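The values are calculated or read from the model by the stated rules, or taken from the named source; none is laboratory data. Since this is a predicted model, take the numbers as computed values, not measurements. FYI the Cβ positions are ideal-geometry reconstructions off the backbone, even for glycines, and counts take in every protein chain you see.
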Amino acid sequence: MHLNELAEGGGEWLRGTGPESDIVISSRIRIARNLSDFPFIRKASDADKKQIESAVEQAVKSVSQWKDHVSYVNVNELADLDRQFLIERQLISRELAECNGVRSVAIDHDEKFSVMVNEEDHIRIQVMQSGLDLFEAWKQIDWIDDCIEEHVQYAFHKSLGYLTACPTNVGTGLRVSVMLHLPALVMTREVDKVFRSLHKINLAVRGLYGEGSEAMGDFYQISNQITLGKSELELVQQVNDVIPVMIEYEQKARDFLARESQQELKDRVSRAYGILSTAQTISSEETMHLLSSVRMGVNMGLIDLDIPTLNRLFIHTQPAHLQKMHGAALDIADRNIQRASYLQQELRNHKN
């Protein structure tokens, strides 16, 4: 698999065809695991990291079902642009891209899962499903975890559960998250009140690229904060129970805007589409903001544009994707020009 081939597609998390996909972008489950024979990454030597990486690579390549469907990538050998591309694709974390020493990632060709090696923990497995589909994501990651564990020994304590580098991950090592598009709650200024209620039940709110990232394009990730003291299925159920409430809040906010501020809403969507269609230069941040308004307009029947196409524009206008598709590195000013040109072309093609 070549990364250039990935650049042309959209990825599982932006496919836009799963349950409740007008508001729920994707469901993701991540588990942290460490090998029992080695110290945690922060204490591991270069030799340790190399042995860990070798053991996980062998485990991945031993799964017969993955023979022609999973590629193993040495992150050390990637250029900075390719690492940023995989971050934008949500196939690796920023931590894996920026850390030192031997590190790698196994990537499913359908982009439904990836296995990061030598990030904060020895192994980070993540599975992504389009829309609200947490139990299918859990089913898949449980199977992947079992496949790898057949070939390596995990660090496990009979009382504490799986041992991890960060105490907040001890126990199941499970992080359940759902990415939501909440433009109406932002517009009605209700979003902070909703998020405060989530914090009271130990759910965290993060930006588009997870911990430490900002909310871009009104995308937010809702996830559990505690992994100890509950089973995996209980953690999945906890997040799954909250998301329909979030969907209802966002839908009520959209109904309010359609009822009380219809002209303002139509103007906002039309202006956003007009700028995206005609701008000669445009930043990534402004593009995300405008695409968010257009996406809401599509889901509310205000504009004729299909969601998979729109979702693809979200990812293809990110800096690394833009440069990968252009075939050369671009400075910020040239990226802004190239981004505007790309948007004009894509929206024109869709209109035709």
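Please work out which residue is surrounded by the most Cβ atoms within 10 Å (Cβ to Cβ), limiting yourself to segment 153-162 and to residues that are in contact (Cβ under 8 Å) with a residue 12 or more places away in the chain and in a strand (DSSP E or B).
Checked segment 153-162; the qualifying residue surrounded by the most Cβ atoms within 10 Å (Cβ to Cβ) is Tyr162.
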*Scan of segment 273-290 for residues that are under 24 Å from the mean Cα position of the chain (by Cα), buried (at least 18 other Cβ atoms within 10 Å of the Cβ) and outside any helix (DSSP H, G or I), ordered by number*: Ile282
*Pick out, from segment 1-101, the helices (runs of 4 or more DSSP H) lying fully within it that include 2 or more residues that are more than 28 Å from Leu291 (Cα to Cα).*
46-61, 94-98
*asked:* Report every pair of residues separated by at least 6 positions or lying on different chains whose Cβ atoms are under 6 Å apart, first residue within segment 129-143 and touching a residue at least 12 places away in the same chain (Cβ under 8 Å) and assigned by TED's automatic domain parsing to the domain that holds Lys112, second assigned to a helix (DSSP H, G or I) and among the aliphatic types (A, V, I, L, M).
replied: Gln129/Ala137; Leu132/Ile243; Leu134/Val236; Trp138/Val236
*Given the conditions (1) closer than 24 Å to Lys43 by Cα; (2) touching a residue at least 40 places away in the same chain (Cβ under 8 Å), and given that Met187 satisfies all but one, which numbered condition is not satisfied?*
(1)
_Residue match in segment 180-200 (condition: closer than 21 Å to Ile87 by Cα and at pLDDT 90 or above)_ = yes
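A quick yes/no check of all residues on (1) of a type outside the set (Lys, Arg); (2) surrounded by fewer than 20 Cβ atoms within 10 Å (Cβ to Cβ); (3) not in a loop (DSSP other than H, G, I, E, B):
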| position | (1), (2), (3) |
| --- | --- |
| Asp110 | yes, yes, no |
| Met116 | yes, no, yes |
| Glu120 | yes, yes, no |
| Val127 | yes, no, yes |
| Phe135 | yes, yes, yes |
| Gln140 | yes, yes, yes |
| Cys147 | yes, yes, yes |
| His151 | yes, yes, no |
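Conditions tested, residue by residue: (1) surrounded by 19 or more Cβ atoms within 10 Å (Cβ to Cβ); (2) in a helix (DSSP H, G or I); (3) out of contact with any Leu (no Cβ under 9 Å at 6 or more places or on another chain).
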residue	(1), (2), (3)
Leu235	yes, yes, no
Gln238	no, yes, no
Asp241	no, yes, yes
Pro244	no, yes, no
Ala258	no, yes, no
Leu265	yes, yes, no
Arg271	no, yes, no
Ser292	yes, yes, yes
